[in-house]
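One structure is given below, encoded as C-alpha cells.
The values are calculated or read from the model by the stated rules, or taken from the named source; none is laboratory data. Not measured: the values here are computed from a predicted model. All Cβ positions, glycine included, derive from the backbone under ideal geometry; neighbour counts span all protein chains shown. Side chains are part of the model used for accessible areas, which takes the heavy atoms of the whole protein and leaves out ligands, DNA and RNA. Shrake-Rupley method; radii C 1.70, N 1.55, O 1.52, S 1.80 Å.
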Amino acid sequence: RLHGPIRPGGRRADRRPRQQAAPRAPAPPPPITRTITLAEGMTVKDLAEKIEVKAKEVLKKLMEKRMVLTINTTLDTETATMIAREFGADVKMRTFEEEMVVLESEVIDPGDLVPRAPVVTVLGHVDHGKTTLLDAIRETRVAEQEAGGITQHIGAYAAEIDGRRIVFLDTPGHEAFTMMRARGASVTDVVVLVVAADDGVMPQTQEAIDHARVADVPILVAINKIDKSDANPERVKQELAERELTPEDWGGQTVMVPVSAKKRDNLDTLLEMILLVTELGEHKANPKRMATGAVLEAKVDRGRGPVATILVQDGTLHVGDNFIVGTHVGRVRALIDDRGQPLKEAEPSSPVEVLGLTGLPQPGDALQVVADAAKARQIALLRQNQAKEKALVSRGTRVTLESLQQQLAEGEAKELPIIIKADVQGSAEVLAESLAKLGDERVKIRIIHTGVGAISEWDVLLASTSNAIIIGFNVRPDRNAAGVAEREGVDIRKHSVIYNVTDELKKAMTGLLEPTTRERQLGLAEVREVFKVPKIGLAAGCIVTDGSITRAGDAQARLVRDGVIVHEGRIGSLRRFKDDVNEVKTGIECGITFERFSDIKTGDVIEAFTVEKVATV
C-alpha cells in the first residue's frame with residue numbers, strides 16, 4: 001500500500017502522524033533517611049561535603065531548578081534545604097554564631113569556665129529615683145573615682161562589693177529594652193524595679209513588669225524614697241502583690257529592699273541581694289574562647305566613625321580581632337572601657353566601646369569574633385540580602401484577627417497575645433476581664449499589658465516583639481505609634497463599644513469574622529484658637545498639619561484631646577476666611593465646626609477619616 005507521494009530519489013514520504021513520546025513524570029524525591037546540620041553562610045562545596053556527594057551533582061540539581069551557581073556561591077537556608085532533600089537528607093540550620101560556639105566547644109576544655117559578673121538592668125517610673133539610685137551606687141561602689149560621668153559616656157558601668165563585680169546597664173527607657181529583646185538579645189540576668197515608697201505603682205512601673213516577664217528574667221524590687229515623711233512601703237508591697245509580685249516576708253518569692261538613694265541607705269543590702277539572686281543562675285563564661293557579645297547602643301562619631309557599645313558576654317575581645325555583628329563586619333581598632341580608658345582586651349561581662357565597624361549595627365545584634373575575615377564578609381552580605389527580603393514580607397507574618405481565623409480553620413491551636421489601651425482604667429480592667437474569658441481549647445487569650453491613654457510607640461514595640469494585637473478603646477495611636485505600627489505590620493483595632501470588641505474576637509475564633517471596616521486617615525488639623533461664631537457656637541481656628549481636611553462624601557471627623565477621643569461625627573462647616581470650602585490641605589489655616597457639638601479646646605486635634613470595608617483573608 002502506498003502511503004504518500006514519491007520523493008525525488010525514489011523514496012516515498014510517510015504521511016502517517018508520528019506518535020509523540022509521553023512526557024516523563026519527574027522522579028519522586030528519595031525518602032528522608034538522615035538529618036544533617038548546616039551553618040549559616042555555607043557554600044555549594046560545603047553542602048556537597050555534608051551530604052557526601054560530588055559538588056557537580058549539587059550544581060546539576062541547582063541547574064535543574066534554573067539556578068546557575070558556582071562551587072563557591074553562598075546558599076540561603078531555603079535553597080540548601082531544598083537541595084539536601086533531593087539527596088534524601090533533612091536539614092537543621094544553625095546561625096553562624098551558634099556554629100562557632102559548637103566548633104569551639106569541641107576544642108576548649110569545659111574546665112575553663114569561670115564565674116562572670118552578673119548584668120543588671122534598672123527599670124522604673126521616671127520620677128521614682130532610678131537615676132538617683134544609679135548615681136548613688138556609682139559614687140559609693142565604682143572602683144575608680146574618676147568615673148563621674150561614665151553613664152553618659154557609655155550607658156553601662158561596673159560596681160564592686162566584697163571583691164565581686166556587678167555590671168549595671170543604664171538603658172534609655174523601656175523602648176531600648178524592648179528593641180534589644182526583639183533582636184534576640186538576652187543580656188540581662190536580673191531586672192531591678194525601682195518603685196517610690198510615696199507614690200506606688202505607676203503606669204511605667206507596670207510596663208517595666210510586663211517587659212521583665214516577657215523577657216523571663218528575675219525581678220528584684222527596690223522601694224526607694226523611704227526617707228520621705230509620706231513614704232508607705234507596705235502600700236507599695238500590697239500594690240505589687242496585686243500584680244503577682246509577692247514579697248518574701250509575705251510568703252512570696254520576690255526580693256524587695258527598702259532603700260533611700262538620697263541618703264545612701266541600704267545600698268549595700270541591695271547589692272548583696274542582687275548577688276544572691278544572680279548566684280542561683282550560676283552565670284559562667286570562658287575567657288579563652290573567641291569573644292561573643294551584644295550591642296547595647298551604636299552611634300556615628302564625627303572623629304571616630306561608627307562606634308558601638310558592646311557587652312562582652314563570653315570569651316575575650318582583643319584589639320585587632322576580626323568580627324561580624326548583625327549585617328556588618330569590622331576589625332577592632334580600639335577598645336574603650338566604662339571610664340574612658342583604652343584597653344588591649346575585654347573579658348566577659350565587660351561593657352566597652354568598639355571602634356572599627358563598617359556600619360551601624362542595631363541594639364541587640366550579636367557580635368562574634370571570627371578567624372576568617374573573608375567568611376565574615378560573605379555572611380554579612382548574605383544577611384544584608386536576607387534583611388531586604390524580610391522587610392518586603394514582614395507585614396504578612398504578623399498576627400491579625402484575619403490571620404488568626406485562617407490559622408484556626410487549618411486546625412492550628414494558637415495563643416493570641418493582646419495589649420489593651422483605654423481612656424479610663426475601669427474600661428481597661430473590664431475589657432481585660434471580658435477578653436480573658438473568651439479563650440477555649442483552640443486559642444488562648446493572653447493579656448500581656450493594659451494601660452490608660454493614647455496608644456504609644458512603646459505599646460507598638462511591645463506588640464511587635466510579642467506578636468500581639470493592640471485593642472484601643474476610645475483612644476488613638478499617636479503619630480509616631482501609627483508610623484511604627486504601619487512599618488512593623490502591627491494590627492491595631494480601635495473600638496468605642498465593649499460589646500463590639502468581644503463580638504469581633506468571638507467571630508474570629510469561630511471562623512465567622514465578617515468583612516472588617518478599616519479607617520483611612522485623610523488628614524490632621526491642630527486647634528490653635530477657639531472663638532465664638534453667632535448662631536453657630538464655638539468654632540476652631542486650625543492649621544492642617546497632615547494630609548487634608550474635607551467634608552465631602554463619606555468623610556467623618558473626630559476630636560482628640562490628649563490621645564483620648566472626645567467626639568466623633570461630621571464636620572458642620574469648613575471655611576477659609578469667610579468662604580465655605582470642601583477641602584483644606586496641609587499648611588493652610590481654616591475654621592472648623594462640628595455638627596451638634598462645640599466642646600472644643602485649644603490644643604485639640606481634629607482627625608478626618610473615611611471608613612472602608614476590607615474583606616477577611
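Test T550 against the stated conditions and say whether it is open to solvent by less than 40 Å² (accessible area, probe 1.4 Å), in contact with an Asp or Glu (Cβ under 8 Å, 6 or more places away or on another chain) and either without any contact (Cβ under 8 Å) to a residue 24 or more places away in the chain or of a type in the set (S, T, N, Q) (or both). Yes; evaluated as a whole, the condition is true for this residue.
Test P30 against the criterion of being open to solvent by 90 Å² or more (accessible area, probe 1.4 Å), modelled with pLDDT under 80 and not hydrophobic (A, V, I, L, M, F, W, C), and give yes or no. Here the answer is no, as P30 does not meet what is asked. Cβ separations smaller than 8 Å between residues 6+ apart or across chains give the following pairs from the range 232-244 residues that are farther than 20 Å from H449 by Cα to residues that are assigned to a loop (DSSP other than H, G, I, E, B): N232/A197; N232/D198; N232/G200; P233/A197; P233/I226; R235/G200. For the range 586-610, filtering for residues that are farther than 14 Å from R576 by Cβ and more than 37 Å from the chain's Cα centre (by Cα) leaves 7.
Per-residue answers, yes or no, for (1) surrounded by fewer than 18 Cβ atoms within 10 Å (Cβ to Cβ); (2) not in a loop (DSSP other than H, G, I, E, B):
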site	(1), (2)
T188	no, no
L193	no, yes
A208	no, yes
H211	no, yes
K228	yes, no
R243	yes, no
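E347: within 22 Å of K130 (Cα to Cα) and either in contact with a Leu (Cβ under 7 Å, 6 or more places away or on another chain) or in contact (Cβ under 8 Å) with a residue 12 or more places away in the chain (or both), yes or no? Here the answer is no, as E347 does not meet what is asked. So for the range 400-414 (the condition being at pLDDT 75 or above and crowded, with 19+ Cβ neighbours inside 10 Å), does at least one residue qualify? The answer is no; no qualifying residue exists. Residues in the range 565-594 that are in contact (Cβ under 8 Å) with a residue 12 or more places away in the chain, in a loop (DSSP other than H, G, I, E, B) and either among the polar types (S, T, N, Q) or surrounded by 12 or more Cβ atoms within 10 Å (Cβ to Cβ) (or both): R570, N582, T586, I588. Selection of the range 563-582 for residues being over 17 Å from V530 (Cβ atoms) and either more than 40 Å from the chain's Cα centre (by Cα) or modelled with pLDDT of 90 or more (or both) yields R576, F577, K578, D579, D580, V581, N582. Annotation: of all residues in the range 367-387 being of a type outside the set (A, V, I, L, M, F, W, C) and outside any strand (DSSP E or B), the one that is nearest to P348 (Cα to Cα) is D372. For the range 334-348, residues that are within 27 Å of D189 (Cβ to Cβ) and surrounded by fewer than 23 Cβ atoms within 10 Å (Cβ to Cβ) total 9.
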